[in-house]
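> Here it is, the structure, as structure tokens.
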């Protein structure tokens, strides 16, 4: 859904006023009685106020200028999700958000929350019309609204929805080869280069991690290399993004149990997010040279599958004793991280639904970060997490954690001990780096079993808004 901007409110559009108690509501056609009612409700801290004016709805969304920017923006997104339920119930087709205050951040956040709440994945329903949301148009007008900001918002939202779509596709459709094809189409649409390595090429490159995980599958692996390099790029060396793309994870011989396996089509959310943020950056024409690496396979159990105790040789020659076949994501990421060295990158960020440990520690509310990058860079990314409310908690990468990964018969093991599983996974990945590195474990935030505000059910697109905002602040746009 595209967010439109202009000077006028369409005649057939319902209105959402972003206002305070000091707003002159008479300018918007409210009677004295209506104005008193609205101000009373604002002072009572109502999430929104609804008025039916002869068939056209007018909603007032209170804004608290005393609140912190990040908290107020998230409140706007969540209130937009609540109001979206009313919009759907009333079968409203068009809304116009009117910003009556000087600050534009709450208005953009409200539009963002509305658009994300309106997302649906209905591809496989035969009777789509019965569940299709009524809202088809969002307009935004008023004080200080800037077309460039609206364009950036549209492109990042488009990226989020593409990431959600890829994650929500079933594994029998979104195979590794099909994922690579989707990424190539995104490149054509947005104007960035995509190179796809097939199984034969991966074998020639001796990417032993990807090949080991793929051994149990009937689907071939793929390795996608995305590059967006505008002429006006401000970074002299590229930022490389690496995304885990396990299109379905059974756990292999370490078979997943209970209902955890039901959401394992979402184990490629990191790869989807990497592709989507490169897409958004390219369409927005951000002056950033960014490379995306998306290694992809599924992790199946068969007679050919990698077994616990096997020793594999990675792309960079490192030998790894595989003690847990359900710790496969780090194995394919390691090949990609080693491959990233060829670019002499300024910074490498990986995103992965990597560990249950991170999910148990932070639940659905946070992303686990581990890093050896400069402090300023890490703090900047964490602040971006607060801004878009994809919040980050930093875990350490102390050298002592590497002791748990030492093997007696190979260079290292693919798992550590019983404790600190998210950290030892990050430490495993760090072994394959030789550059400033940030690891983001998005296991808890990438897939929602039930509706969660504007995130909805299924793939959330986590990481896309975070990294897009990071690019903007990193480049000081």
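The values are calculated or read from the model by the stated rules, or taken from the named source; none is laboratory data. Computed from a prediction, not measured in an experiment: that's the story for all the values here. We place every Cβ from the backbone using ideal geometry, glycine too, and count neighbours over all the protein chains shown.
> If a residue must be over 19 Å from residue 448 (Cα atoms) and part of a strand (DSSP E or B), how many such residues does the range 244-274 contain?
Count: 0.
> Does the range 281-299 contain at least one residue that is farther than 26 Å from residue 183 by Cβ, in the same structural domain as residue 237 (by TED's automatic domain parsing), in contact (Cβ under 8 Å) with a residue 40 or more places away in the chain and not in a strand (DSSP E or B)?
Among the residues of the range 281-299, not one is farther than 26 Å from residue 183 by Cβ, in the same structural domain as residue 237 (by TED's automatic domain parsing), in contact (Cβ under 8 Å) with a residue 40 or more places away in the chain and not in a strand (DSSP E or B), which makes the answer no.
> Could you tell me which of the residues 450, 390, 418 is over 28 Å from residue 312 (Cα atoms), at pLDDT below 95 and assigned to a loop (DSSP other than H, G, I, E, B)?
Selected residue: 450, the only one of 450, 390, 418 that is over 28 Å from residue 312 (Cα atoms), at pLDDT below 95 and assigned to a loop (DSSP other than H, G, I, E, B).
> Out of the residues in the range 88-105 meeting the condition of being under 16 Å from residue 61 (Cα atoms) and in a loop (DSSP other than H, G, I, E, B), tell me which one is nearest to the chain's Cα centre (by Cα).
My answer is 104.
> Now a separate question. Does residue 234 qualify as being closer than 18 Å to residue 291 by Cβ and either in contact (Cβ under 8 Å) with a residue 40 or more places away in the chain or in contact with a strand residue (DSSP E or B) (Cβ under 8 Å, 6 or more places away or on another chain) (or both)?
In short, yes.
> I need a count of the residues in the range 189-204 that are touching a helix residue (DSSP H, G or I) at 6+ places or on another chain (Cβ under 8 Å) and within 26 Å of residue 285 (Cα to Cα).
7
Each row is one residue, and each column tells you yes or no for (1) without any contact (Cβ under 8 Å) to a residue 60 or more places away in the chain; (2) surrounded by 16 or more Cβ atoms within 10 Å (Cβ to Cβ); (3) farther than 28 Å from residue 73 by Cα.
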| residue | (1), (2), (3) |
| --- | --- |
| 357 | no, yes, yes |
| 368 | no, yes, no |
| 372 | no, no, yes |
| 375 | yes, no, no |
| 386 | no, yes, no |
| 391 | yes, yes, no |
| 397 | yes, yes, yes |
| 403 | yes, no, yes |
| 412 | no, yes, yes |
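> Have a look at 2, 23, 88 and point out the one that is surrounded by 18 or more Cβ atoms within 10 Å (Cβ to Cβ) and at pLDDT 90 or above.
From the options 2, 23, 88, the qualifying one is 23.
> Can you confirm whether the range 247-265 contains a residue that is surrounded by fewer than 24 Cβ atoms within 10 Å (Cβ to Cβ) and under 17 Å from the mean Cα position of the chain (by Cα)?
Checked the range 247-265: at least one residue is surrounded by fewer than 24 Cβ atoms within 10 Å (Cβ to Cβ) and under 17 Å from the mean Cα position of the chain (by Cα).
> Could I ask something else about it? From the set of residues in the range 106-141 that are in a strand (DSSP E or B) and touching a helix residue (DSSP H, G or I) at 6+ places or on another chain (Cβ under 7 Å), which is farthest from residue 6 (Cα to Cα)?
Going through the qualifying residues, I end up with 138.
> Any idea which of (1) in a loop (DSSP other than H, G, I, E, B); (2) in contact (Cβ under 8 Å) with a residue 24 or more places away in the chain is the one residue 179 doesn't satisfy?
Going through (1) in a loop (DSSP other than H, G, I, E, B); (2) in contact (Cβ under 8 Å) with a residue 24 or more places away in the chain one by one, residue 179 breaks only (1).
> May I ask you to say which residue of 342, 364 is in a helix (DSSP H, G or I), at negative phi and surrounded by fewer than 20 Cβ atoms within 10 Å (Cβ to Cβ)?
Among 342, 364, only 342 is in a helix (DSSP H, G or I), at negative phi and surrounded by fewer than 20 Cβ atoms within 10 Å (Cβ to Cβ).
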